[in-house]
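Student: Sharing a structure with you now.
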Amino acid sequence: MANSATSVTDSDGATVEIFPLPTDEASLEALLRDLFEQHWDKITFGPLIQGAAWEMRAPHAPTYVGKLDGYLTVAFGASHFHLCIGPTQGPRHDPTPPALARHRQTARAELYRRLGRSGAPASWGLRLFNGAGEQQLTILLPNPFLSAEGDKLVQEPDWSRLALWDELRARWTGSVGPDPFDRSGRRFTH
């Protein structure tokens, strides 16, 4: 577990600080189960790619979270998603070719904080990428500059909304205590 971040420039030119996470199946399952079983009411999720942003909120706690053939399934009744986080074999009569299995499986996982125009953090989250570097999932964490519903700007930042970010950083990167840099911004910038 590394405590330091790497700064990168995203495809849209924004600076993003990346905190790499383990990508083994057990770690990813533990992380995702925690987020969806314990914090489902605080997160927004979906792929965020150039040309499409799926910002979904769970209507209630998952009705099912399980794993089969490397895929984690998170269901909210009829609505559900599958995410390949481990080795996948496919059915015995039609096995998945090894190159395709590597393409599908999460190869990069990271906590991130996106910096706004001021240079201070403006959003926080988790991103997963498959073996081809394609985004599988983004989970947006509670943001101190947005209302609890996540759709309205607030007048004053609510720093308590960084509790989940602080918890994840401590657990997955070994950081100790809140990072004052996370609380240095004054407003949301996009």
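The values are calculated or read from the model by the stated rules, or taken from the named source; none is laboratory data. Because the structure is predicted, anything quoted here is derived from the model rather than measured. Please note: Cβ atoms are built from the backbone with ideal geometry, for glycine as well, and neighbour counts cover all protein chains shown.
Student: Could you please tell me which pairs satisfy a Cβ distance under 6 Å, a separation of 6+ or placement on different chains, a first residue in segment 123-138 that is at positive phi, and a second residue that is of a type in the set (Asp, Glu) and surrounded by 19 or more Cβ atoms within 10 Å (Cβ to Cβ)?
Tutor: none
Student: Hey, can you tell me all the residues within segment 20-55 that are part of a loop (DSSP other than H, G, I, E, B), modelled with pLDDT of 95 or more and within 18 Å of Glu134 (Cβ to Cβ)?
Tutor: Here is the first cut: in segment 20-55, the residues part of a loop (DSSP other than H, G, I, E, B) are 22-24, 39-43, 47, 50-51, 54-55.
Remaining after also requiring modelled with pLDDT of 95 or more: 22-24, 39-43.
The answer is Thr23, and nothing else.
Student: Then there is this: Checking Ser118 against (1) touching a residue at least 60 places away in the same chain (Cβ under 8 Å); (2) loosely packed, with under 14 Cβ neighbours inside 10 Å; (3) assigned to a strand (DSSP E or B), which test does it fail?
Tutor: With respect to (1) touching a residue at least 60 places away in the same chain (Cβ under 8 Å); (2) loosely packed, with under 14 Cβ neighbours inside 10 Å; (3) assigned to a strand (DSSP E or B), Ser118 is out only on (3).
Student: Pick from Trp165, Trp124: which is under 26 Å from Gly51 (Cβ atoms), surrounded by 15 or more Cβ atoms within 10 Å (Cβ to Cβ) and of a type in the set (Phe, Trp, Tyr)? Write out each step before concluding.
Tutor: On the way: Trp165 fails: under 26 Å from Gly51 (Cβ atoms).
None of the other options fit; the residue is Trp124.
The rows are residues; the columns are (1) among the hydroxyl-bearing types (Ser, Thr, Tyr); (2) surrounded by fewer than 12 Cβ atoms within 10 Å (Cβ to Cβ); (3) in contact with a Leu (Cβ under 7 Å, 6 or more places away or on another chain).
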residue	(1), (2), (3)
Pro97	no, yes, no
Leu111	no, no, yes
Phe129	no, no, no
Leu137	no, no, yes
Leu140	no, no, no
Asp151	no, yes, no
Gln155	no, yes, no
Pro180	no, yes, no
Gly185	no, no, no
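Student: A further question on this structure: Which of the residues belonging to segment 146-190 are free of Cβ contacts under 8 Å to residues at least 24 places away in the same chain, more than 24 Å from Pro59 (Cα to Cα) and within 18 Å of the chain's Cα centre (by Cα)?
Tutor: Selection gives Asp166, Ala170, Arg171.
Student: Shifting gears a bit: Can you tell me how many residues in segment 149-184 are among the polar types (S, T, N, Q) and not in a loop (DSSP other than H, G, I, E, B)?
Tutor: Taking segment 149-184 first, the residues among the polar types (S, T, N, Q) are 155, 160, 173, 175, 184.
Narrowing further to those that are not in a loop (DSSP other than H, G, I, E, B): 160, 173.
Residues that pass the stated criteria total 2.
Student: Out of segment 20-76, which residues are over 21 Å from Thr106 (Cα atoms), exposed (fewer than 14 other Cβ atoms within 10 Å of the Cβ) and either β-branched (Val, Ile, Thr) or in contact (Cβ under 8 Å) with a residue 40 or more places away in the chain (or both)?
Tutor: Thr63 - this is the single residue of segment 20-76 that is over 21 Å from Thr106 (Cα atoms), exposed (fewer than 14 other Cβ atoms within 10 Å of the Cβ) and either β-branched (Val, Ile, Thr) or in contact (Cβ under 8 Å) with a residue 40 or more places away in the chain (or both).
Student: Right, here's the next one. In the set Ala109, Ala58, Ala132, Ala101, which member is assigned to a loop (DSSP other than H, G, I, E, B), closer than 21 Å to Glu29 by Cβ and modelled with pLDDT of 95 or more?
Tutor: Working: Ala109 fails: assigned to a loop (DSSP other than H, G, I, E, B); Ala132 fails: closer than 21 Å to Glu29 by Cβ; Ala101 fails: assigned to a loop (DSSP other than H, G, I, E, B).
After applying the criteria, what remains is Ala58.
Student: Within segment 7-16, can one find any residue that is modelled with pLDDT of 90 or more, in contact with a Phe, Trp or Tyr (Cβ under 9 Å, 6 or more places away or on another chain), surrounded by 14 or more Cβ atoms within 10 Å (Cβ to Cβ) and closer than 27 Å to Pro91 by Cα?
Tutor: no
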